[in-house]
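First the structure, in the form of structure tokens, and then the observations on it.
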Amino acid sequence: PNLEKIVALKPDLVVGAAGFAEQTTQKLKDLGIPVFLTKVDSWKSLNETTKTLAQLINADPQPLLNRYQTFLADKPNQNLSALVLVSRQPILTPNQSSWAGDLLNQFQVKNIAAQLQGKSPFGGYITLSPEKILQTDPDVLLVVDTEPGVVDFFKSQSFWKKLKATQNNRVYTFDYYGLVNPGSVEAIEKTCNQLRQVLSGTV
């Protein structure tokens, strides 16, 4: 972010993402400009961020909070295990300390990687080997469309056809926004609707 351009706008409040452009946000604070940094990595933090932001701009958060609850309505009662594949090199998957992991938990899906810990440059994500994927053998595979050809890449791997999710045609492609990064209210709603369809077997 360009500090001079932000200051020139004379904002009453600057909203940013925690962990990004820290030097710029610190300079804004030093200049006396209020800064609110967000970190939405769970359903609880989504609600808390909405409440805090509403308070800062003197708005009523309740309509949005009520809307969030509708996203979780009519959850299918399916005891399914799932694995989310976010990238191919390395193969990353979210554990419970991530937005994706918590969202699966909200839908009562058994995220196979929920309790796993490992080395990854991204908080809330771990690196998986093909052997580990085969070992976990989930009921459902959710592949995040983060780059062109990512689905074809996984299909070309030797382990792919050995998984029961692929054998049962239970592989689904999801957008990055909504599942990995909340993105927007609309993206969250779309992802929740898609999860509901996947878990109920209507897609």
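The values are calculated or read from the model by the stated rules, or taken from the named source; none is laboratory data. None of the values given here were measured: they were computed from a predicted structure. Neighbour counts run over all protein chains shown; Cβ positions are idealised from the backbone, glycine included. To get the accessible areas, we keep the full protein, side chains included, count just its heavy atoms, and leave off ligands, DNA and RNA. Shrake-Rupley method; radii C 1.70, N 1.55, O 1.52, S 1.80 Å.
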Once phi is turned into ³J(HN,Hα) by the Karplus curve 6.51 cos²θ - 1.76 cosθ + 1.60 with θ = phi - 60°, what whole-Hz value does each residue of the range 29-40 show in order, with x for glycine and proline?
4, 4, 7, x, 8, x, 10, 10, 9, 10, 9, 9
With all protein chains present, the range 1-159 has a carbon and sulfur share of its accessible area (1.4 Å probe) in percent of 50 percent
At a 1.4 Å probe radius, which order do SER97, SER129 fall into by accessible area, largest first?
SER97, SER129
Express the accessible area of the range 1-110 per residue in Å², computed with a 1.4 Å probe while the remaining protein chains stay in the model.
59 Å²
Rounded, prolate or oblate: pick one for the chain, where a ≥ b ≥ c are the square roots of the eigenvalues of its C-alpha gyration tensor, a/c under 1.5 means rounded, and failing that, prolate if a/b is larger than b/c, else oblate.
prolate
Here the percent of antiparallel bridges among DSSP beta bridges lying wholly in the chain, to the nearest 5, is 30 percent
Nonlocal amide H pairs with VAL14, under 5 Å, H built at 1.01 Å
VAL35, PHE36
In Hz, Karplus ³J(HN,Hα) per residue of the range 170-180 (6.51, -1.76, 1.60; θ = phi - 60°; x = Gly, Pro)
10, 10, 10, 9, 10, 6, 4, 6, x, 9, 8
Taking the Cα centre of the range 68-203 as the origin, how large is its charge dipole in debye, to the nearest 20, when only Lys and Arg (+1) and Asp and Glu (-1) carry charge on their Cβ atoms?
420 debye
Can you give me the relative contact order of the range 49-130 as a percent, contacts being Cα pairs under 8 Å and 6 or more apart?
26 percent
Cut-off under 5 Å, modelled amide H: who pairs with ASN181 long-range:
none
